[in-house]
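Below is one structure, written out as structure tokens; the observations come after it.
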2 protein chains.
Amino acid sequence: MKIRPATEADWPHLWAIIEPIMREGETFALPRDGNEATARAYFASAEKTNFVAEEDGIILGASYVRANQQGGGSHIANCGYMTSPAARGRGIARALCAHSIDYCRQQGFKGIQFNFVVSSNEPAVHLWQRLGFEIVGTLPKAFNHPQRGLVDSYVMFRSL
Amino acid sequence: MKIRPATEADWPHLWAIIEPIMREGETFALPRDGNEATARAYFASAEKTNFVAEEDGIILGASYVRANQQGGGSHIANCGYMTSPAARGRGIARALCAHSIDYCRQQGFKGIQFNFVVSSNEPAVHLWQRLGFEIVGTLPKAFNHPQRGLVDSYVMFRSL
């Protein structure tokens, strides 16, 4: 499995991964009935740099990196990740996150912030914690989970 | 002083207020050398609803309201405020914030989140606290203040 910069030709594969995640509505703050443009604006808009995790020509997951704020806040990055449902449990998200930690450090960022980690997505919360991220904020009942109803969301942060 | 929805004709007045705030670089996460389009994208982009505080035909300040997230996060609003330097100390920000609390409640939002309140902007932090907002997260050294260097930024939240 290798991680490389995404190209325009990768988008249909990224869309195939993100569409069921968006329809499920349990982890990303995206409308469940959103379309391809909605997903692309969220994950692959112009200000984001995308990477893909690929094995034998198959894309297993993807990441984005961007500056979280402009101006005086531009030294802190924001990243996002998605894994193909078929490839879950294989360490794809871990590898993508470790890659973006290195990449952000190389780019001169001084920290990475996750703005909205749904608290009920416990595997993700625990993974980010193992990778050095801390919960620095709790947004009370900020996510409406399709099965669980209103749950907290976390702001997570890691210095670089 | 009255608060009313902004119109297209108001933008030049809003730009006159925000430009010196952007150049100062002490409170908004905007590039100090940004242009009018930068400021407009930040404060008055299409997904934001703007209001202005006006007295005798003079615009003293402005606010924006938007959903902070999409999908499962769309019940939480995000708001921003600016006051004309000439009108500071007259309660403009307080009036605009009180107005947006009412407006967001009317629109069915269940909370308001401020994503990035620079900790050294103490008058603002204290004002938001008096209006019912709590610091729910601290982003360590997330803002590079032109005089003070790296300072924390806060995530603030108020349920509705």
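The values are calculated or read from the model by the stated rules, or taken from the named source; none is laboratory data. Computed from a predicted model, the values in this text were never measured in an experiment. Virtual Cβ from ideal backbone geometry, glycine too; neighbours counted across all protein chains shown. We work out accessible area using only protein heavy atoms, side chains counted, and drop any ligands, DNA or RNA first. Shrake-Rupley method; radii C 1.70, N 1.55, O 1.52, S 1.80 Å.
In this structure, is A:Glu54 touching a residue at least 40 places away in the same chain (Cβ under 8 Å) and more than 13 Å from chain B (Cβ to nearest Cβ)? Even if it seems obvious, please write down each step before you answer.
Values: touching a residue at least 40 places away in the same chain (Cβ under 8 Å): yes; more than 13 Å from chain B (Cβ to nearest Cβ): yes.
When the stated conditions are applied, A:Glu54 passes them.
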The residue that is farthest from A:His13 (Cα to Cα), considering only those in the stretch A:80-101 that are of a type in the set (Ser, Thr, Tyr) and either surrounded by fewer than 19 Cβ atoms within 10 Å (Cβ to Cβ) or in contact with a Ser or Thr (Cβ under 8 Å, 6 or more places away or on another chain) (or both), is A:Ser100
Neighbours by Cβ (under 7 Å, 6+ apart or cross-chain): first from the stretch A:89-113, farther than 22 Å from A:Val155 by Cβ; second in a loop (DSSP other than H, G, I, E, B): A:Ala95/A:Met1
Residues of the stretch A:137-151 being in contact (Cβ under 8 Å) with a residue 12 or more places away in the chain and facing another protein chain (nearest Cβ under 10 Å), in sequence order, are A:Gly137, A:Thr138, A:Leu139, A:Pro140, A:Ala142, A:Phe143, A:His145, A:Pro146, A:Val151
Under the condition of being crowded, with 20+ Cβ neighbours inside 10 Å and touching a residue at least 24 places away in the same chain (Cβ under 8 Å), which residue from the stretch B:29-41 is farthest from the other protein chains (Cβ to nearest Cβ)? B:Ala39
Does the stretch B:116-136 contain any residue that is without any contact (Cβ under 8 Å) to a residue 24 or more places away in the chain, surrounded by 19 or more Cβ atoms within 10 Å (Cβ to Cβ) and closer than 24 Å to A:Asn121 by Cβ? yes
Might you let me know whether the stretch A:80-93 holds any residue that is within 14 Å of chain B (Cβ to nearest Cβ), assigned to a loop (DSSP other than H, G, I, E, B) and within 29 Å of B:Ala142 (Cα to Cα)? no
Has the stretch A:119-139 got at least one residue that is part of a strand (DSSP E or B), out of contact with any Phe, Trp or Tyr (no Cβ under 9 Å at 6 or more places or on another chain), of a type outside the set (S, T, N, Q) and within 27 Å of B:Arg158 (Cβ to Cβ)? no
Count of the stretch B:1-19 residues which are touching a residue at least 60 places away in the same chain (Cβ under 8 Å) and either in contact with a helix residue (DSSP H, G or I) (Cβ under 6 Å, 6 or more places away or on another chain) or among the polar types (S, T, N, Q) (or both): 2
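Scan the stretch B:120-135 residue by residue and report those that are more than 25 Å from B:Lys2 (Cα to Cα) and out of contact with any Ser or Thr (no Cβ under 6 Å at 6 or more places or on another chain). I'd like the intermediate steps shown before the answer.
Filtering the stretch B:120-135 down to residues more than 25 Å from B:Lys2 (Cα to Cα) leaves B:120-122, B:134-135.
If the condition is that a residue be more than 25 Å from B:Lys2 (Cα to Cα) and out of contact with any Ser or Thr (no Cβ under 6 Å at 6 or more places or on another chain), then B:Ser120, B:Glu122, B:Glu134, B:Ile135 are the ones that fit.
If we scan the stretch A:61-79, do we find a residue that is charged (D, E, K, R), away from chain B (no Cβ under 14 Å) and open to solvent by 10 Å² or more (accessible area, probe 1.4 Å)? Before the answer, list the steps.
Within the stretch A:61-79, the first condition is being charged (D, E, K, R), and the residues that meet it are A:66.
With away from chain B (no Cβ under 14 Å) added as a condition, the list becomes none.
So far as the stretch A:61-79 goes, no, none of its residues is charged (D, E, K, R), away from chain B (no Cβ under 14 Å) and open to solvent by 10 Å² or more (accessible area, probe 1.4 Å).
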Looking at the stretch A:8-22 only, could you name the residues that are more than 15 Å from A:Ile58 (Cβ to Cβ) and loosely packed, with under 10 Cβ neighbours inside 10 Å? A:Glu8
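Condition check ((1) at pLDDT below 95; (2) within 17 Å of A:Ala6 (Cβ to Cβ)) across all residues:
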site	(1), (2)
A:Ala44	no, yes
A:Lys48	no, yes
A:Phe51	no, yes
A:Glu54	no, yes
A:Ala62	no, yes
A:Ala86	yes, no
A:Gly89	yes, no
A:Ala95	no, yes
A:Ile101	no, no
Do we find a residue being over 21 Å from A:Asn144 (Cα atoms), within 12 Å of another protein chain (Cβ to nearest Cβ) and not in a helix (DSSP H, G or I) anywhere in the stretch B:94-114? no
